[in-house]
1. Those residues that are touching a residue at least 24 places away in the same chain (Cβ under 8 Å) and either closer than 18 Å to GLY17 by Cα or open to solvent by less than 60 Å² (accessible area, probe 1.4 Å) (or both), I need them from the stretch 217-229; list them, please.
2. Kindly provide the set of residues from the stretch 301-339 that are of a type outside the set (Gly, Ala, Ser), part of a loop (DSSP other than H, G, I, E, B) and either without any contact (Cβ under 8 Å) to a residue 12 or more places away in the chain or surrounded by 18 or more Cβ atoms within 10 Å (Cβ to Cβ) (or both), ordered by number.
3. Go through SER672, SER667, SER683 for me and flag whichever is open to solvent by less than 40 Å² (accessible area, probe 1.4 Å), under 30 Å from PRO574 (Cα atoms) and out of contact with any Leu (no Cβ under 7 Å at 6 or more places or on another chain).
4. Take ALA446 and decide whether it is at pLDDT 95 or above and touching a helix residue (DSSP H, G or I) at 6+ places or on another chain (Cβ under 6 Å).
5. Got a sec? Which helices (runs of 4 or more DSSP H) wholly within the stretch 34-127 have at least 2 residues that are without any contact (Cβ under 8 Å) to a residue 40 or more places away in the chain and under 30 Å from VAL384 (Cα atoms)?
6. Within the stretch 17-28, is there a residue that is over 22 Å from SER385 (Cβ atoms), open to solvent by 30 Å² or more (accessible area, probe 1.4 Å) and not in a loop (DSSP other than H, G, I, E, B)?
7. How about the stretch 1-16: which of its residues are over 30 Å from ASN233 (Cα atoms) and either assigned to a loop (DSSP other than H, G, I, E, B) or of a type in the set (S, T, N, Q) (or both)?
8. Go through (1) farther than 27 Å from PHE514 by Cβ; (2) more than 26 Å from the chain's Cα centre (by Cα); (3) open to solvent by less than 40 Å² (accessible area, probe 1.4 Å) one by one and return the number of the condition ILE609 breaks.
Amino acid sequence: MSCPVLWPKKVFSYPIGKTPPMCLTETLPPEQRADILLLGCGDLKNVLYTTFCDLGADRQIDVTCCDADPTILARNVFIYTLLLDGNLDSLLSTIWDVFYHFYIDDESLALVSSHCRRLLDSSSALDSWHASKYGRFLRFCTHHTLMELQRHWKGYLETANASPAEKENLFDLFTAGMRDPRAKERFYGLVLRAAGPLRPGIEAAGQDLYQYFRTNGVTTSNAAVSSKYLHANPLFAYSLVGKGFAMHHGTEPVSSFHLMTPLASNSTSGPTKIQDLADFARSEFSTWCRAFADHIANRKIIIRLFAGDALSFAHALHYYSKTGDPETHVYTSSWGNSLIKLYREDYSDTGSAPSSFNVIDTSNLSDRLGMLNLLTACLPLLQVSASATLQTSTTLHPSLQDASSTSPDPLRGDFAALSSLFGITSITHISEFVTSFSGSDFVSGAQPYERISWKWTEFIGSTVNCARYHVTLEFDAKQLAVFLYNTHQRMFTEENSDQPDAVKILYTRTSFSFLLVAVMTRTRQIWSDVLSHLVSLIGSGQQPFSMSTYRYQDFCCQLHIQNMYSVKNIRSPPLLGSQTDLSLFKKYPAIPPLTCIVLRIPRKKINFIEKMHIGTSILYCQVEGPGCLDTFTSIRPTLGDINVTDGVIAVNDDPQGWSGNSPLVVSFWVPSWILTINPSRISINLCF
């Protein structure tokens, strides 16, 4: 994987967005078809709002939505299909409650139960779903995605029809979760951001609104009405960690709407009331829902769904676009052994699913996946046209133009040089202004939010059709190697910190190998010369006891796996006299370049970890012996078991995951020569 593997038990759920929606087609001419890829799509507000903004455009919208949390997609599809099924005039108020309230009334609970039954009846198989009325505008990219969403709908149905005692217990879990001490007043800054330049008029109301929702779980301040909300909402009862209440303490629905309108109209009417803001958000949501329903009725929109890792999905789409094979051999996520097998009917020569896009939006994934990881994964999917745009957002970094900032450059290298190598540039960088980030947010100490638009450099200020040309660059081999070495050092700076923060470690040696592949496609070089010098710099330029020294073998493995370069010890494993022991390879005609190590760790050996408050931790494997002490972060963990047949190891996932009792199985690649030096004295460990 391009990102470090994290211990998955300490995660929050983000079923409601924290920023006002963006029009996804804002960079496209109104007559141009919109092929949109949303990585980290989040809740449905961006799609709904885009259909509202696009009512005057005569175009087809095809949106491919990817999210690592299937809960997000299950909730979104629940609402999308309701907007096709129901009488909007009578349902919109209930739809708001079901989607945004932690607690719901009897009518809403009955709607959850009845609609989940309809969804389950239509989702027995991919073909049956796609043949249903929902399938004409909602398509599943993989069978795995359908099964994940079906699992959530079954959970919603079971929760809606649970016994009174079970419902009361869930209600108590919600109440306890909402009392999280981290839910403090500072999160009302999200409401202020939704107010834009009119934020001074909302500060008191914003604080009250946030506290009211975190106390009551609803947006209705009418006591007579709110007293009817007696049930924990099943659509908030599930997350990546299972059943319960795992909502982030910043969750609050009204901040994801445009609050300037009610503030402007109320400028002479005294202090803003929190119910006015909630009522406006309801009204705006209803308007967007009607626009979406119109697009469905006129067959102007198709939504495709994928549940899994964003970077993996991008790499799978690139693999499909190059080979035409929907069975991509790319893993669905960082945990488990599920492979991405795209739905062949849509992903084929006669299928309609796009594999290149003129709009790619990555939300704020760069904050936790790394900007370089996103660029290397997404750029192969971006159409080569003047209107094609890659959108990234960040809540951590100030503007790229802020020279006084001490925050690390999200590109981890010389901005201009890396832009040239990728063939893209930031519109902010060349224009020196932004259109969606308020500098006052950063100055005031509230969480910043910056949206960056990336364009192909060839089209900036050009009057020719650059799509006909393939621009390549050429460098001195040693100079390019030095530049890549410096980028490598900056990518892994955090590893050598006295107290490394797992949240800030965004890259692995797999990340760097993908970066090299991206640079190779844009340059005309004798790459064996570049990589030979680069490997020499990385191998000899490390400080003693630095993490880069321990991970050098991991780096060499990734170069070999990518078929870019093989160091001498991998090409021809050395034989070191009396220390050499080839017993592990006696069944092989020759020592293979790499060996896959598979660890089987009994569940009881890791149960104690769940009782520890370890926070966000990175998992890695370590091989220690007489001739080595090497760390490998490119690992593949799963909960399951192994079967060995004729010397072939098969790793099988346990569908119950953390709810089951299966051992933890971890596999990773190492250079074979490491295992030929006194192998009986080598220890292999899983670390965090």
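The values are calculated or read from the model by the stated rules, or taken from the named source; none is laboratory data. Keep in mind the model is a prediction, meaning the values are calculated, not measured. So basically every Cβ, Gly included, is an ideal-geometry build from the backbone, and we count neighbours across all protein chains shown. Accessible surface is based on the protein model in full, side chains and every heavy atom, while ligands, DNA and RNA are left aside. Shrake-Rupley method; radii C 1.70, N 1.55, O 1.52, S 1.80 Å.
1. GLY217, VAL218, THR219, THR220, SER221, TYR229
2. ASP309, ASP325, PRO326, THR332, TRP335
3. Every option except SER667 fails the conditions.
4. Judged against the criteria, ALA446 is not a match.
5. 45-53
6. No, the conditions are met nowhere in the stretch 17-28.
7. MET1, SER2, CYS3, PRO4 - these are the residues of the stretch 1-16 that are over 30 Å from ASN233 (Cα atoms) and either assigned to a loop (DSSP other than H, G, I, E, B) or of a type in the set (S, T, N, Q) (or both).
8. Answer for ILE609: the failing condition is (2).
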